[in-house]
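Here is the structure we will look at.
The values are calculated or read from the model by the stated rules, or taken from the named source; none is laboratory data. Given the structure is predicted, the values throughout are model-derived calculations rather than measurements. Neighbour counts run over all protein chains shown; Cβ positions are idealised from the backbone, glycine included. These accessible areas exclude ligands, DNA and RNA; they are computed on the full protein's heavy atoms, side chains included. Shrake-Rupley method; radii C 1.70, N 1.55, O 1.52, S 1.80 Å.
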Amino acid sequence: MDVLNVDYMLGLVPVLLRYLPLTLQLAGTGMVLALILACLFAVIRVLRIPVLNQLTIVFISFFRGTPLLVQLFLFYYGLPQLVSALTVIDGVTATIMGLTMHFSAYMAESIRAAIVGVDRSQTEAALSIGMTNGQMMRRIVLPQATRVALPTLMNYFIDMIKATSLAFTLGVTELMGATQKEASGSFLYFEAFIVAAIMYWVVVELLSKLQNHLEIRLNKAYSR
Amino acid sequence: MIKLDSLSKHFGSTVVLDGIDLTIDKGEIVVIIGPSGTGKSTLLRCINFLEQPTAGTMTVGDLTVDVKKANRAEILSMRRRTAFVFQNYALFANKTALQNIAERLLVVDKWPKEEAYRRAREILDQIGLGEKADAYPASMSGGQQQRVGIGRAMAAGAEVILFDEPTSSLDPEWVEEVLGLMKQLASERQTMMVVTHEMSFARDVADRVIFIDGGRIVEQGPPSEIFYNPQDPRTKDFLKKILATNPV
């Protein structure tokens, strides 16, 4: 069957694998930064800190309400036009900024819901023994909220890994960008993109396995 | 010693506590009774600053605060001198029995780990749950959870332990073990303020019974007087009703 060039596909695997680390780096860095930002937003929202709360609401609304691709173009092509110091921003940085802000907006809401979901009597108990608000958050609320939020956060992480493919529109040669180059050289588009698709798929599957392990560990305290 | 001077609590225009004056000696066991919604729980919650009282002054041990002007440091300090036992136990679900008790020593009192866990283990043995050290709240019975709740309060080494209807959420089969532990604490002369409908506990254990109605102390005295010779018609009425369903 000459429809599918299997040899080409097998040969492409090691070539594309070289670009997987950049894809993972984009997603990994984006996820860590987005989590930090999202926790900050969630706490601001839960405690209704004046001014910051309103700013956060607008931020979340904007970054949830506009396409990621538009945001990436804004960061990469738009910002340097406004602020000349930002002309040094490269595609990788712009992608990480976009992913961070876009996904932090989504994650903030699920973290907030998880925090609010922690039994109020437990927060009272924490205060009653003389803990500060910070201690209560760190030791009692956030550990329990993490467990509740974990499945949704992992979903966002999976989404983010796939969203890194948009970086190729900013000229970043990550997995998608590399595949695009290979394919336009060989004209074997189907073979090239199916290899890329399988690579994304395998990464996401491995992540799902990790999620299962984490959930079992975090649920230990709550089973009868 | 605890001293409340015209302590009030308003929720909006509703007056829940209407100028409570009360002095409780070290080692005294005080039981607070009264109809529901008359401010009994609010009184305990105000002493622990889970609610900020509206007016009055409060002394616990060597600390006196004007509740209206209490700052964050004073509120923390007040909470650390008082310990609270909740109706629904309110154990930390992400911590084991041992950790629930040690938490305060570790985080608030900043004890070294080893010492905190040693003390927590002593308390677990005292409350008869030594073998449950590593159990999480979800795997314990209501009675066991409430005993850990009391253990957590004991760890505070507080001037007073405040019990807010500690047996009201319990299945009847677990009530005795919790009351038993409270009696044990009473016999060690731990200062206690207890809001409860367990009239036999009040009669047998309390040094003083306080009847609250409408946010005020209506009548107080030793259990023998309150139960067998109440003076105020509201006390008589309340006792008649509650003793009909909950005989001493």
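For the stretch A:198-224, a drop of 30 Å² or more in accessible area on going from the chain alone to the assembled protein chains (1.4 Å probe) is found at A:ALA221, A:TYR222, A:ARG224. Computed from the C-beta positions of B:TYR228 and B:ASP18 and an R0 of 30 Å, the FRET efficiency is 0.60 to the nearest 0.05. Rounded to the nearest 10 degrees, the inclination of helix B:142-155 to the longest alpha-carbon principal axis of chain B is 90 degrees.
For the protein assembly as shown, with equal point scatterers placed on the C-alpha atoms only and solvent neglected, what are the log10 I(q)/I(0) values from the Debye formula at q = 0.06, 0.07, 0.08 1/Å, to two decimals? For the protein assembly as shown at q = 0.06, 0.07, 0.08 Å⁻¹, log10 I(q)/I(0) is -0.42, -0.53, -0.64. Both radii are taken from the alpha-carbon atoms of chain B; with Rh as the Kirkwood radius, Rg/Rh is 0.97. Once the 1.4 Å probe is applied to the protein heavy atoms, the stretch A:6-218 comes out at 50 Å² accessible per residue. Compactness of the stretch A:1-65 is given as radius of gyration and Dmax, 21.3, 67 Å, from Cα positions. Relative to the longest principal axis of the Cα atoms of chain B, helix B:113-126 runs at roughly 60 degrees. Given the pairs A:LYS162/A:LYS209; B:LYS3/B:LYS26; B:LYS3/B:LYS110; B:LYS26/B:LYS183, which span a C-alpha to C-alpha distance of over 19 angstrom in this model? Those over the limit are B:LYS3/B:LYS110. In units of the compact-protein estimate 2.2 N^0.38 Å, the stretch A:179-221 shows a Cα radius of gyration of 1.84.
State, as an integer percentage, the relative contact order of chain A based on alpha-carbon contacts under 8 Å between residues 6 or more apart.
28 percent
For the stretch A:133-149, accessible area lost to neighbouring protein chains reaches 30 Å² or more, against the chain alone with a 1.4 Å probe, at A:GLN135, A:ARG139, A:ILE140.
Computed over protein heavy atoms with a 1.4 Å probe, the accessible surface of the stretch B:156-198 works out to 37 Å² per residue. Projecting the Cα atoms of B:LEU105, B:SER187, B:GLN144 onto the charge dipole of chain B, computed from C-beta unit charges around the Cα centre, puts B:LEU105 farthest toward the positive end. On association of chains B and A, roughly 2100 Å² of accessible area becomes buried (total for both chains; probe 1.4 Å). Only aspartates and glutamates eight or more places from B:LYS68 in sequence, or on another chain, were considered; those with a Cα closer than 14 Å are B:ASP5, B:GLU51. Within the accessible surface of the stretch A:84-149, defined with a 1.4 Å probe on protein heavy atoms only, the carbon and sulfur portion equals 58 percent. If you take all other residues with their beta carbon under 14 Å from the beta carbon of B:PHE211, and give Lys and Arg +1 and Asp and Glu -1, the sum is +3. Beta-bridge orientation, the protein assembly as shown: approximately 55 percent antiparallel, per DSSP, counting only bridges with both partners inside. Each Lys and Arg adds +1 at its Cβ and each Asp and Glu adds -1 at its Cβ; summed about the Cα centre, the protein assembly as shown shows a dipole of about 580 debye.
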